[in-house]
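In what follows, a structure is listed as structure tokens, so that the remarks can point back to it.
The values are calculated or read from the model by the stated rules, or taken from the named source; none is laboratory data. These numbers come from a predicted model, not from an experiment. Every residue, glycine as well, gets a Cβ built from its backbone with ideal geometry; the counts of neighbours run over all protein chains shown.
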Amino acid sequence: MLLLFLSFLFLTFPSPSLSLNQEGLYLLQVKASLHDPDSTLSSWNPRDPTPCNWRGVSCDSTTGSVTSLDLSNTNLAGPFPSLLCRLQNLSSINFYYNNFNSTIPTDISTCQNLIHLDLSQNLITGELPHTLADLPNLKYLDLTGNNLSGDFPESFGRFQKLEVLSLVYNLLDGTIPAFLGNISTLKMLNLSYNPFSPGRIPPELGNLTNLEILWLTECNLVGEIPDSLGRLKKLTDLDLAINHFVGNIPSSLTELVSVVQIELYNNSLTGELPRGFSKLTKLRLLDASMNQLTGNIPDELTQLPLESLNLYQNNFEGTLPPSIADSPALYELRIFQNQLSGELPQNLGKNSALRWLDVSSNQFTGPIPPSLCEKGKLEEILMIYNSFTGQIPSTLAECGSLYRVRLGYNKLSGEIPPGFWSLPHVYLLELVNNSFSGPIGKSIAKAANLSLLFISRNEFSGSLPEEIGLVDNLVQLSASDNKFSGSLPNSIVKLDELGILDLHGNELQGELPSGIESLKKLNELNLANNKFSGEIPDGIGSLSVLNYLDLSNNQLTGSIPFGLQNLKLNQLNLSNNLLSGELPPLFDKEMYKNSFLGNPGLCGNFSDLCVVRDGDKHKGYVWLLRSIFVLAALVFVVGVVWFYFKYRSYKKARAIDKSKWTLMSFHKLGFSEYEILDCLDEDNVIGRGSSGKVYKVVLSNGDAVAVKKLWEGVKKGCESVDLEKGQAQVLDNGFQAEVETLGKIRHKNIVKLWCSCATRDCKLLVYEYMPNGSLGDLLHSSKGSLLHWPTRYKIIVDAAEGLSYLHHDCVPPIVHRDVKSNNILLDGDFGARVADFGVAKVVDAAGKGAKSMSAIAGSCGYIAPGTKRFRGFDSLIRH
């Protein structure tokens, strides 16, 4: 009996170890409100006494209450759970990189102990809630990467302890308000990459004396940079790049004694760099590139411990201060596209671990400094478009850290140091347009990463080494206009990645190597202007991606391989060789004539091939007969052209009397009826329908319109009406229906009728031009593959919205009566417009059919939608 009683007590009053505390119950409700596809919250077990061991939950070690919730990067979705504010000691919420949506609730202000709130990289929408400023302890607020819009609420000037405010990559479209300058506790303000309305930087931001980071990149800021920013003595990072600032760089910026990084690139700043940079002893990076700055680079700037100096795309002139080479921390120097001249400091790179050097597009002269890679860290050297002279320093041949080398378009000369060809990490080696000489070193076999080798327009000589076939990653070899001789190495066919081989303008000779068909990725082959002999290899015809082939001006013999017909070539030139035999049928056309000139033995159907040679005494007669034939043909062609234009002028004069045309416009026009009438000829016809021809007319302003010229009689097979009165009635009714219907409609999915033109015998309708034509034409053409499912769905919805407007929003409603794929037109973005209202019918307010606007009940073969599936949408789905 006692045992039964104890069992009853156990079942009635469960053990405390099986009862979850109240905070855990709140969190279980939060879990129930969220979508958790990855089962991230599977450890949140209701059988636990407290949630302190659950994933993402941290508790106070003394009280056991929840103090922090970190569910970052867990793929959770749903609205922000306001229930969390019932956790009285919760001080930190981190929901970074999830799918929380909806808006931030205004009752978030009940989280009175919240210090840290990170909702970045989510899908939150709406405006910034004004109640966020009512969180008295909030220090960290990060809402980066959401869809917040609107303006800043005025309450944001009342934050009491806020230190970090980050709203990067949102849709805020107001302006940066002055009251942000009241948040005196701010250490970081980041508003970058928002589509703000054009506005200035509020001078009040200079009151944020505790600010350490100010990022306002791409915020649509205009005007001048305010002097007040110079009061931010604790600022370490200032980024005002990609805006529309004008005027000079304020000298007050040289008062930012703590600044480490200043980025002002991509603005419209003018004037010189201000003096006083020598006071910025902590400055490591200065990027003022892509502005309109002028003057010299201050010598005091180059004496700072700079790590990165970017001043490219300005108008700096003068020489580069020699003291720049004394900076021990300099690892990046980019000053390209200026007007700097003189020599580079010869100790550049000696005192610092230089990694990136770009001095391109200046007027530098003298030798390349030999100390550039003194510390063994140099990765990029770009010196193109200057006037450097001398040889490549031998020290660069030992610079194993190099990845990218561009020395083209200079006046460099001499032989390349042997080790330079074999640098193990270089993927781009460009030496174009210099005066380099000597051979390509055999050590190139060790250039394991070399992909792009550009050495054209130099004086390189000797034969191409067999070792070049060991450069497995080579994608492009451009060595044209040099003095290379000898035969093409057989190993070149082993370059499986080779896409472009350009060796034109050399002295190469011998036969083309067999096995060329193994170069499956070869896209361009240019061996013109050499001394190659022998036959064209049949294997070239199997290079499926080859589209440029130039073997002209060589000594090639034999016939043209028929396999070349398999190629889809954009450029073919086999002229000026010793080829013979019949042209392959595909090339035996006038359009290919210039591709085969200068091959006396080739025979084809067009002139200048297979010239008859019966002796020198007959050449004069042949020339005379040809001249007579050409002259007669010329006279005939001129006569035909003259007759055509005379007849065209006569036909136009009879067909169009411009003074009798009546123009009725429905929108503001930028053209006249005369501009339309002048273009109605057969060359401009783009379609024919049951009611007439359609012309494309390009206006003088460059815009295009579509002009429908209604038939003067009903086409055969459509109607059997009286051949005079009946036809005129149909024409008038169709024209009137189209004008009355479209003339009063304004909807994005109804084709726009600009105007109508009419005389007694001819009627024109001028519409907006639809670049992608009709849906019917597109579905049944080779371009049908462009209609992917999202596009088809968009077309269906657009057409349905147009019809819905006609049926429900027009007063009175309009029934189209001829909806089909040919009457759904597509603009350049595949937006759909409903068109052709020649058989439309207006319904009166009582729902009864009014008088039909046309005697025709649809197109030929038309079946009403009630008796057969909707032909426009049905065909869109089936194709």
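Tabulated data for the structure shown
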| quantity | calculated |
| --- | --- |
| Among the residues listed as Ile176, Ile104, Ile183, the single one being touching a Pro at 6+ places or on another chain (Cβ under 7 Å) and under 30 Å from Gly230 (Cβ atoms) | Ile176 |
| So Ile676, is it farther than 16 Å from Phe837 by Cβ, crowded, with 18+ Cβ neighbours inside 10 Å, β-branched (Val, Ile, Thr) and modelled with pLDDT of 80 or more | yes |
| Condition met for Leu189 (of a type in the set (A, V, I, L, M), closer than 21 Å to Lys139 by Cβ and assigned to a strand (DSSP E or B)) | yes |
| Residue count for the stretch 360-399, restricted to those that are more than 24 Å from Asn314 (Cβ to Cβ) and within 34 Å of the chain's Cα centre (by Cα) | 3 |
| Segments classed as strands (runs of 3 or more DSSP E), wholly inside the stretch 495-537, with at least 1 members that are more than 19 Å from Ser463 (Cβ to Cβ) | 500-502, 524-526, 531-535 |
| Enumeration of residues in the stretch 81-96 that are closer than 21 Å to Pro136 by Cβ and either without any contact (Cβ under 8 Å) to a residue 40 or more places away in the chain or touching a Phe, Trp or Tyr at 6+ places or on another chain (Cβ under 6 Å) (or both) | Ser82, Leu83, Cys85, Arg86, Gln88, Asn89, Leu90, Ser92, Ile93, Asn94 |
| Residue list for the stretch 431-444, restricted to those being farther than 12 Å from Phe420 by Cα and either free of Cβ contacts under 8 Å to residues at least 12 places away in the same chain or not hydroxyl-bearing (Ser, Thr, Tyr) (or both) | Val432, Asn433, Asn434, Phe436, Gly438, Pro439 |
| Only one of Val611, Val637 that is β-branched (Val, Ile, Thr) and at pLDDT below 80 | Val611 |
| Residue match in the stretch 399-414 (condition: at pLDDT below 95 and charged (D, E, K, R)) | no |
| Condition met for Gly687 (small (Gly, Ala, Ser) and without any contact (Cβ under 8 Å) to a residue 60 or more places away in the chain) | no |
| Selected residue (criterion: farthest from the chain's Cα centre (by Cα)) from residues of the stretch 502-516 that are closer than 11 Å to Ala528 by Cα and surrounded by 17 or more Cβ atoms within 10 Å (Cβ to Cβ) | Leu508 |
| Among residues of the stretch 564-579, those that are buried (at least 16 other Cβ atoms within 10 Å of the Cβ), in a strand (DSSP E or B) and of a type outside the set (A, V, I, L, M), counted | 1 |
| Residues (in contact with a strand residue (DSSP E or B) (Cβ under 7 Å, 6 or more places away or on another chain) and surrounded by fewer than 21 Cβ atoms within 10 Å (Cβ to Cβ)) located in the stretch 771-780 | Asn772, Gly773 |
| Complete set of residues in the stretch 55-78 that are outside any strand (DSSP E or B) and either polar (S, T, N, Q) or over 15 Å from Lys31 (Cα atoms) (or both) | Asp60, Ser61, Thr62, Thr63, Gly64, Ser65, Ser72, Asn73, Thr74, Asn75 |
| Check on Asn526, within 17 Å of Leu574 (Cα to Cα), surrounded by fewer than 19 Cβ atoms within 10 Å (Cβ to Cβ) and under 35 Å from the mean Cα position of the chain (by Cα) | no |
| Matching residues, the stretch 452-463, being outside any strand (DSSP E or B) and in contact (Cβ under 8 Å) with a residue 40 or more places away in the chain | Ser456 |
| Strands (runs of 3 or more DSSP E) contained entirely in the stretch 219-328, each with at least 1 residues that are in contact with an Asp or Glu (Cβ under 6 Å, 6 or more places away or on another chain) and farther than 23 Å from Gln339 by Cα | 237-239, 261-263 |
| Residue that is assigned by TED's automatic domain parsing to the domain that holds Thr365 and modelled with pLDDT under 95, where the choices are Pro439, Pro418 | Pro418 |
| Leading residue by the ranking (farthest from Ser120 (Cα to Cα)) among those in the stretch 49-74 that are touching a helix residue (DSSP H, G or I) at 6+ places or on another chain (Cβ under 7 Å) and of a type outside the set (A, V, I, L, M) | Pro49 |
| Single match in Thr74, Thr67, Thr131 (criterion: in the same structural domain as Thr175 (by TED's automatic domain parsing), of a type in the set (Val, Ile, Thr) and either at pLDDT 95 or above or surrounded by 16 or more Cβ atoms within 10 Å (Cβ to Cβ) (or both)) | Thr131 |
| Which numbered condition Val766 misses (of (1) surrounded by 21 or more Cβ atoms within 10 Å (Cβ to Cβ); (2) modelled with pLDDT under 80) | (2) |
| Test: residue in the stretch 217-234 that is over 18 Å from Ala288 (Cα atoms), surrounded by 20 or more Cβ atoms within 10 Å (Cβ to Cβ) and either in contact (Cβ under 8 Å) with a residue 40 or more places away in the chain or not polar (S, T, N, Q) (or both) | yes |
| Some residue of the stretch 782-798 being loosely packed, with under 14 Cβ neighbours inside 10 Å and assigned to a loop (DSSP other than H, G, I, E, B) | yes |
| Residue check, Ser268 exposed (fewer than 15 other Cβ atoms within 10 Å of the Cβ), among the hydroxyl-bearing types (Ser, Thr, Tyr) and in the same structural domain as Glu212 (by TED's automatic domain parsing) | yes |
| Given (1) in contact with a Lys or Arg (Cβ under 8 Å, 6 or more places away or on another chain); (2) surrounded by fewer than 15 Cβ atoms within 10 Å (Cβ to Cβ); (3) at positive phi, number of the condition Pro424 does not satisfy | (3) |
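Residue by residue, here is whether (1) small (Gly, Ala, Ser); (2) surrounded by fewer than 18 Cβ atoms within 10 Å (Cβ to Cβ) holds:
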{"residue": "Glu23", "(1), (2)": "no, no"}
{"residue": "Ser33", "(1), (2)": "yes, yes"}
{"residue": "Ser42", "(1), (2)": "yes, yes"}
{"residue": "Pro46", "(1), (2)": "no, yes"}
{"residue": "Gly56", "(1), (2)": "yes, no"}
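Results for (1) touching a residue at least 40 places away in the same chain (Cβ under 8 Å); (2) of a type in the set (D, E, K, R); (3) surrounded by 19 or more Cβ atoms within 10 Å (Cβ to Cβ); (4) in contact with a helix residue (DSSP H, G or I) (Cβ under 8 Å, 6 or more places away or on another chain), shown as yes or no for each residue.
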position	(1), (2), (3), (4)
Asp142	yes, yes, yes, no
Asn146	no, no, yes, no
Glu154	no, yes, no, yes
Leu162	no, no, yes, no
